[in-house]
Amino acid sequence: MEKKTGGIVYECVRCGAKVPSEELELRGGEIKCIVCGYRVLKKIRPPVVKRASAK
Ligand SMILES: [Zn+2]
């Protein structure tokens, strides 16, 4: 069973908290740090662990 997520994570430029976009949607869709309330977040991508077919 796969969970569909955008996989977008924001990082607060002030406190460095990682805020998943889902979390923002739950809180009204506003781009805002859930820890300190700062409104400048940069979009980052969570490290995707891909299984490279090592031979
Ligand atoms: Zn913050």
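If you put +1 on each Lys and Arg Cβ and -1 on each Asp and Glu Cβ, how big is the dipole of the chain around its Cα centre, in Debye rounded to 20?
About 320 debye.
7 Å from Cα along Cα→Cβ at both residue 40 and residue 53: what's the point-to-point distance in nm?
4.5
Using a Gaussian network model of the chain with C-alpha springs under 10 Å, which one of 16, 28, 37 is most mobile by mean-square fluctuation?
Looking only at 16, 28, 37, the biggest GNM fluctuation is shown by 28.
Which aspartates and glutamates does residue 42 reach when only Cα atoms under 19 Å apart count, and residues fewer than 8 places away in its own chain are ignored?
Those aspartates and glutamates meeting the cut-off are 11, 22, 23, 25, 30.
Specify which residue in the list 29, 49, 8 is farthest towards the positive end of the charge dipole of the chain, using unit charges on the beta carbon of Lys, Arg (+1) and Asp, Glu (-1), about the Cα centre.
The listed residue farthest towards the positive side: 49.
Normalised by the residues of the chain, what does the relative contact order come to in percent, with Cα pairs under 8 Å and at least six apart? Kindly include the intermediate steps, with their values, before the conclusion.
Working: 71 pairs, mean separation 19.7, N = 55.
Worked out over the chain, it gives 36 percent.
Any read-out appearing in this document is the output of simple, stated calculations on the displayed coordinates, not a laboratory observation. These numbers come from a predicted model, not from an experiment. With ideal geometry, Cβ positions are generated from the backbone for all residues, glycine too; neighbour counts draw on all protein chains shown.
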